[in-house]
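Q: Below are the structure tokens for one structure; questions will follow.
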Amino acid sequence: MAAGAAAAAATWRSFFLRAPLLPSPRLSAACSRPSSSGPAAPQDRTAKVRNTFRPAASSTHDWIGPPNPLSNLRPIVYHVPENESELERRLRHLRQETEDWNHDFWTNQNITFSKEKEVFIISQLKAKGLTLRDEDGRRRTLSSEEMAEFYKSFLDKNRTRHANYNKEWYRRNFTITLLMARVTLSSMWRTVTERKSSSSSKNNSSPPT
């Protein structure tokens, strides 16, 4: 039983700390975390990271910022190219929408995890007749075996939610991959067409011999 709980704990820690990112063909330097005159609440820090993270207008690359304090994911600001085609715009919007969806999921999931973990620790200590802090004011902790029970319980309770998340994640990435392939093929075709047009114009402008 203990071995099974420990395995579940390892599985949850691996799943919980996951920070998936969408494939990006153009990645550039990261923006530094905005400074603050004092400690801010988690929600305030999240808003600052997401709302003030903007690259220079002259940037020609996607920008990746520092990890969000709640979702543990790095925000991405996607470059808007000049003369963006309708297909490119669809791809960029879907990637940004997926980025926001992913951030919201992990923010809610991580907050729920932290709250339920705190309740579990307090309840276990209370059952032992102990308070959250000892005589010296230090926070008491539970053993890894005791915490494994919580990890397994949380995994079991959220199994369907995680399965639905994975299905949606793979569905979105499959659609994004197809759009990226279409954008690449469209770009290649446009390049070939422009070269042919340029070559034809030069031939027509050449004086007859």
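Q: Select from the stretch 162-180 the residues that are closer than 17 Å to THR112 by Cβ and free of Cβ contacts under 8 Å to residues at least 12 places away in the same chain and list them in ascending order.
A: Passing the criteria: ALA163, ASN164.
Q: Mind listing just one residue for me: the one in the stretch 142-163 that is of a type in the set (S, T, N, Q) and exposed (fewer than 11 other Cβ atoms within 10 Å of the Cβ) and, of those, farthest from PHE105 (Cα to Cα)?
A: SER143
Q: Report every pair of residues separated by at least 6 positions or lying on different chains whose Cβ atoms are under 9 Å apart, first residue within the stretch 93-112 and among the aliphatic types (A, V, I, L, M), second open to solvent by less than 20 Å² (accessible area, probe 1.4 Å) and assigned to a helix (DSSP H, G or I).
A: Close Cβ pairs (under 9 Å, with a partner that is open to solvent by less than 20 Å² (accessible area, probe 1.4 Å) and assigned to a helix (DSSP H, G or I)) amount to LEU94/ILE176; LEU94/LEU179.
Q: Taking the stretch 114-141 on its own, how many of its residues are more than 34 Å from the chain's Cα centre (by Cα) and either surrounded by 14 or more Cβ atoms within 10 Å (Cβ to Cβ) or within 26 Å of SER71 (Cβ to Cβ) (or both)?
A: Matching residues across the stretch 114-141 total 1.
Q: Can I ask one more? Looking at the stretch 81-99 only, could you name the residues that are surrounded by 12 or more Cβ atoms within 10 Å (Cβ to Cβ) and more than 18 Å from ARG182 (Cβ to Cβ)?
A: Listed by number, the list holds a single entry, GLU99.
Here is a yes/no grid of residues against (1) in contact with a helix residue (DSSP H, G or I) (Cβ under 6 Å, 6 or more places away or on another chain); (2) modelled with pLDDT of 90 or more; (3) of a type in the set (Lys, Arg); (4) farther than 18 Å from TYR170 by Cα:
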| residue | (1), (2), (3), (4) |
| --- | --- |
| PRO69 | yes, yes, no, yes |
| ARG74 | no, yes, yes, yes |
| TYR78 | yes, no, no, yes |
| LEU87 | yes, yes, no, yes |
| LEU91 | yes, yes, no, no |
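Q: Out of curiosity, is ASP134 more than 30 Å from VAL183 (Cα to Cα), modelled with pLDDT of 95 or more and either of a type in the set (S, T, N, Q) or out of contact with any strand residue (DSSP E or B) (no Cβ under 9 Å at 6 or more places or on another chain) (or both)?
A: no
The values are calculated or read from the model by the stated rules, or taken from the named source; none is laboratory data. Remember, predicted model here, so these are calculated numbers, not experimental data. Note that each Cβ is placed from the backbone with ideal geometry, even for glycine, and that neighbours are counted across all protein chains shown. Ligands, DNA and RNA are stripped out before the accessible areas are found, and what is left, the full protein with its side chains, is counted by its heavy atoms. Shrake-Rupley method; radii C 1.70, N 1.55, O 1.52, S 1.80 Å.
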